[in-house]
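Below you'll find the structure, written out as structure tokens, and then a few comments.
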Amino acid sequence: MMEESDPPFMEFYKNLFDDHDRSKKNHNGVSDDVEEWELPMIDLGRLDRGGWEIADCKREIAEASRKWGFFQVINHGVSADILEKMRCEQIKAFKKTYHEKSSNHRDLNFPVGSYRWGTPSATCLKQLAWSEAFHVPLTDISNMGGVTSLRTTMEQFATTVSELAEMLAEILAEELGHKSNFFKENCLPSTCYLRMNRYPPCPVSPHVCGLMPHTDSDFLTILHQDQIGGLQLVKDGKWIAVKPNKEALIINIGDLFQAWSNDVYKSVEHRVVANRQTERFSTAFFFCPSYDTVIQSCAEKSIYRRFSFKEFRQQVQDDVKKHGYKIGLPRFIL
């Protein structure tokens, strides 16, 4: 009998399910009837056309970052071939048995500790993530050993999305009236990372999420997802489902950009809903600075105190350990 590829969620978190059954609580608010919306769509090809089109495109990027905290881009410079290869390679990696993934089988060659699943700190079902991931810093990709199609594809994907993230960050800074080399100097390959995600079919949906509600602890996140859907975000105080678009990449603002912009750009709460029948795949690129980078508002009257990225990450980890969830930016309000 072939060994299963799925992590042993039901066995490992049995006590959480037992507690849930005994308390007879309703599910955690994840609803199947959340309205589906299309994110603002921005054609980055206009940045190459000159004149008013450049200014118009930049304005739309900033406007979406203010009003939504999320938008999608086409003509983004990441070829359809690379995106398809990335999808195929990560599917192959996740199809390995659970034992091979958790023991970092030689066919995978990921850095030690890259494979993650579930939520080790979960104390109740609403804190459990029904998902697995390979979490790989960009500089570790080249050390994966051997010239494999997985390593080559990850390098190609990382190179192109890194350039895209830096360009978008510079545009957002420029729209605030700040031209600097801040992002080029602080958000390096050694500090950014890829996270390949798989959300297995979940027999207990909607009692658990694929990924619990959160905001991202970076400047920008670039997401490539399949057509299954499941990504939801808060808009005007309610959850909305994001309609997938196979040609687009999704961009969202992280906590650091909200602080750096003094709340002009919004880091918006989002989640992934688990699917009972169908698995979902996505790849996320996180645009992060070095740990010693100081985040300081570019406005005269700052909402937040100065803090280093290391301090921010440590506070997030402490809160998750103590409370079971991230508190984030409210910890740093003056």
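No value in this document is a laboratory result; all are computed from the given coordinates. Since the structure is predicted, the reported quantities are computational estimates derived from the model, not experimental observations. In this analysis, Cβ positions are derived from the backbone assuming ideal geometry, glycine residues included, and neighbour counts consider all displayed protein chains.
Only Lys, Arg, Asp and Glu carry charge here, each on its Cβ (+1 for the first two, -1 for the last two); on that basis the chain has a dipole of about 780 debye about its Cα centre. Annotation: amide H-H contacts under 5 Å for Lys235 (H modelled 1.01 Å from N, sequence separation of 5 or more, or interchain): Ile240. Which of Phe110, Trp130, Ile251 sits farthest toward the positive end of the charge dipole of the chain, with +1 on the Cβ of Lys and Arg and -1 on the Cβ of Asp and Glu? The Cα lying farthest towards the positive end belongs to Trp130.
Once the C-beta distance of Lys246 and Gln156 is scaled by a Förster radius of 22 Å, the resulting FRET efficiency is 0.70 to the nearest 0.05.
The P(r) of region 178-334 has a tail past 28 Å containing 25 percent of all C-alpha pairs. Other residues lying with their Cβ under 13 Å from the Cβ of Phe285 contribute a combined charge of -4, Lys and Arg counting +1, Asp and Glu -1. Take every Cα pair under 8 Å whose residues are at least 6 apart in sequence, average their separation, divide by the length of region 192-334, and the relative contact order is 31 percent. Estimated from helices alone, the mean residue ellipticity of the chain at 222 nm is -9500 deg cm²/dmol (sum of -39500 (n - 2.57) over DSSP H runs with n ≥ 4, per residue).
Hydrophobic, long helices, defined as DSSP H runs whose alpha-carbon span along the helix axis is 30 Å or greater and whose mean Kyte-Doolittle value is at least 0.0, occur in the chain at 149-175.
Remark on Ser308: its backbone amide H falls under 5 Å from those of Ile295, a criterion applied only to residues 5 or more positions apart or on other chains, H modelled at 1.01 Å from N.
If you take all other residues with their beta carbon under 14 Å from the beta carbon of Asn245, and give Lys and Arg +1 and Asp and Glu -1, the sum is -3.
Placing unit charges on each Cβ (+1 for Lys and Arg, -1 for Asp and Glu) gives region 25-298 a dipole about its Cα centre, and among Ala93, Leu233, Phe287 the Cα reaching farthest toward its positive end belongs to Ala93. For region 25-298, the antiparallel share of DSSP beta bridges with both residues in that region comes to about 85%. Here Asp33, Asp21, Asp6, Asp216 are placed in order of increasing Cβ neighbour count within 10 Å, fewest first, which gives Asp33, Asp21, Asp6, Asp216. Couplings 3J(HN,Hα) for region 277-291, derived from phi with the Karplus relation 6.51 cos²θ - 1.76 cosθ + 1.60 (θ = phi - 60°), are 9, 10, 7, 10, 10, 8, 10, 10, 10, 10, 8, 10, x, 5, 4 Hz, where x marks Gly and Pro.
Evaluating kT/(6 pi eta Rh) at 10 °C and 1.306 mPa s, with the Kirkwood radius of the chain over Cα pairs in the Stokes-Einstein relation, gives 76 µm² s⁻¹.
Amide H contacts for Thr119 (H built 1.01 Å from N in the peptide plane; partners 5 or more residues away or on another chain; cut-off under 5 Å): Ala129.
Across the options Trp37, Cys298, Leu168, the greatest Cα extent toward the positive end of the charge dipole of region 25-298 (unit charges at beta carbon of Lys, Arg, Asp, Glu) belongs to Trp37.
A straight chain from Glu269 to Trp37 at 0.36 nm per residue would run longer than the Cα-Cα distance by 81.9 nm. For Lys85, the aspartates and glutamates whose Cα comes closer than 16 Å to its Cα, not counting residues fewer than 8 places off in the same chain, are Glu155, Asp226, Glu247.
Counting beta carbons within 10 Å around each of Met144, Met167, Met154, Met212 and listing the fewest first gives the order Met167, Met144, Met212, Met154.
Checking the a/c ratio against 1.5 first, then a/b against b/c, what shape does the Cα gyration tensor give for region 45-168? Oblate, since a/c reaches 1.5 and b/c is not below a/b. Hey, which lysines would be in cross-link range of Lys92, C-alpha to C-alpha under 30 Å, not counting anything within fewer than 8 residues on its own chain? Within the straight-line limit of under 30 Å, Lys92 reaches these lysines: Lys14, Lys101, Lys126, Lys243, Lys246. The stretch between Cys88 and Glu63, if pulled fully straight at 0.36 nm per residue, gains 5.6 nm over its current Cα-Cα span.
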